[in-house]
Amino acid sequence: KDIEYIRSYHYNLDEITRFSSSLGKFVGYTEFGVKQADYWNSQASLLAGLRAQKETVCKHNIDVE
């Protein structure tokens, strides 16, 4: 219910791009990251796969102790 799947991409310890299942898209934090986010957000199949990760990874493991 309060689960969020996040995939972050870093370069030299700086976060450049992040996918958030709450937003359902990529967000860029640097000039390069914004360009990457725009490109990846235009890829419908990539976004669909990442959105499904919340179901397959997060919700599957929520009750694992």
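So here's what we get for this one:
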{"read-out": "Qualifying residues in segment 20-43 (those that are hydrophobic (A, V, I, L, M, F, W, C) and farther than 18 Å from Glu4 by Cα) - the one least open to solvent (accessible area, probe 1.4 Å)", "value": "Ala37"}
{"read-out": "Some residue of segment 10-19 being surrounded by 14 or more Cβ atoms within 10 Å (Cβ to Cβ), in contact with an Asp or Glu (Cβ under 6 Å, 6 or more places away or on another chain) and either in a helix (DSSP H, G or I) or not acidic (Asp, Glu) (or both)", "value": "no"}
{"read-out": "Selection from segment 20-59 of residues that are of a type in the set (Gly, Ala, Ser) and either more than 9 Å from the chain's Cα centre (by Cα) or part of a loop (DSSP other than H, G, I, E, B) (or both)", "value": "Ser21, Ser22, Gly24, Gly28, Gly33, Ala37, Ser42, Ala44, Ser45, Ala48, Gly49, Ala52"}
{"read-out": "Number of the exception - Ile3 against (1) of a type in the set (A, V, I, L, M); (2) modelled with pLDDT of 90 or more; (3) not in a helix (DSSP H, G or I)", "value": "(2)"}
{"read-out": "Residue count, segment 44-65 (criterion: of a type in the set (Lys, Arg) and open to solvent by less than 100 Å² (accessible area, probe 1.4 Å))", "value": "2"}
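The values are calculated or read from the model by the stated rules, or taken from the named source; none is laboratory data. Everything numeric here is computed off the predicted structure, so don't read it as measured data. Cβ sites come from the backbone with ideal geometry, for glycine too, and all protein chains shown count toward neighbours. These accessible areas exclude ligands, DNA and RNA; they are computed on the full protein's heavy atoms, side chains included. Shrake-Rupley method; radii C 1.70, N 1.55, O 1.52, S 1.80 Å.
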